[in-house]
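This report concerns only the one structure given below.
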């Protein structure tokens, strides 16, 4: 079994890290470069930076921030938000990011997943899926959770895997920011359907909730924001807890 990864997530709005609940009610959480350095020092396996209003406002991700982060941290990081072309991805990767995350643009034009995975390699292409419960399943939302698509989340993830995506960043909109635990049913359904790695997102609030996402939901990595940004736990706290419960983690 591969070691499970712990990934702090930094949602960026106008150059500042923010955190909300159910994708709204945003609060300031600090400077992205300073927080990135902190998590690197704590032993995070990777980082994710999401420019959460870029797609909605049709802005490009701030490449300058990517460069500043790359000069200060030494672990892999993914950047998403407003990325809609091969040229945009190339600028972000050249600025120092290791991967890019596609969400709205992939739904608008699924062939972008095919093209970018061929051009840059699947290992560079993460497809982010914001999913909300709908009937017996989950529906995909875009534009930072503002727009329902009518697309079944599980079928969409199967589609992008077939198109060459290297990883899925799966966020439960219902659980996001609630600190009540991840959507284990959603994670399990995704795990059963896919063969590429899944990053669990939305709902981390306790050490046991992260364990459940990895051990019960079957995720390959756990993403968390609030518990790290506001000092509830460090990355080391999480890894110590997981190791004591028998999960292999990177040290």
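Output the residue which, of all residues in the range 1-38 that are closer than 23 Å to residue 180 by Cβ, in contact with a helix residue (DSSP H, G or I) (Cβ under 6 Å, 6 or more places away or on another chain) and modelled with pLDDT of 85 or more, is surrounded by the fewest Cβ atoms within 10 Å (Cβ to Cβ).
So, considering only residues that are closer than 23 Å to residue 180 by Cβ, in contact with a helix residue (DSSP H, G or I) (Cβ under 6 Å, 6 or more places away or on another chain) and modelled with pLDDT of 85 or more, the one surrounded by the fewest Cβ atoms within 10 Å (Cβ to Cβ) is 4.
Which residue pairs have Cβ atoms under 7 Å apart, sit 6 or more places apart or on different chains, and have a first residue in the range 169-193 that is more than 17 Å from residue 134 (Cβ to Cβ) and a second that is at pLDDT below 95 and assigned to a helix (DSSP H, G or I)?
177/226; 179/226
How about the range 198-208: which of its residues are under 17 Å from the mean Cα position of the chain (by Cα), without any contact (Cβ under 8 Å) to a residue 60 or more places away in the chain and over 11 Å from residue 5 (Cα atoms)?
202, 203, 204, 205
Name every residue in the range 162-179 that is out of contact with any helix residue (DSSP H, G or I) (no Cβ under 7 Å at 6 or more places or on another chain) and under 12 Å from residue 9 (Cβ atoms), in order of residue number.
169, 171, 176
The rows are residues; the columns are (1) surrounded by 22 or more Cβ atoms within 10 Å (Cβ to Cβ); (2) under 20 Å from residue 47 (Cβ atoms); (3) at pLDDT below 95.
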site: 206; (1), (2), (3): no, no, no
site: 218; (1), (2), (3): no, no, no
site: 222; (1), (2), (3): yes, yes, no
site: 232; (1), (2), (3): no, yes, yes
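The values are calculated or read from the model by the stated rules, or taken from the named source; none is laboratory data. For clarity, every value in this text was computed on a predicted model and none was experimentally measured. Ideal geometry is used to build each Cβ from the backbone, glycine not excepted, and the neighbour counts take in all protein chains shown.
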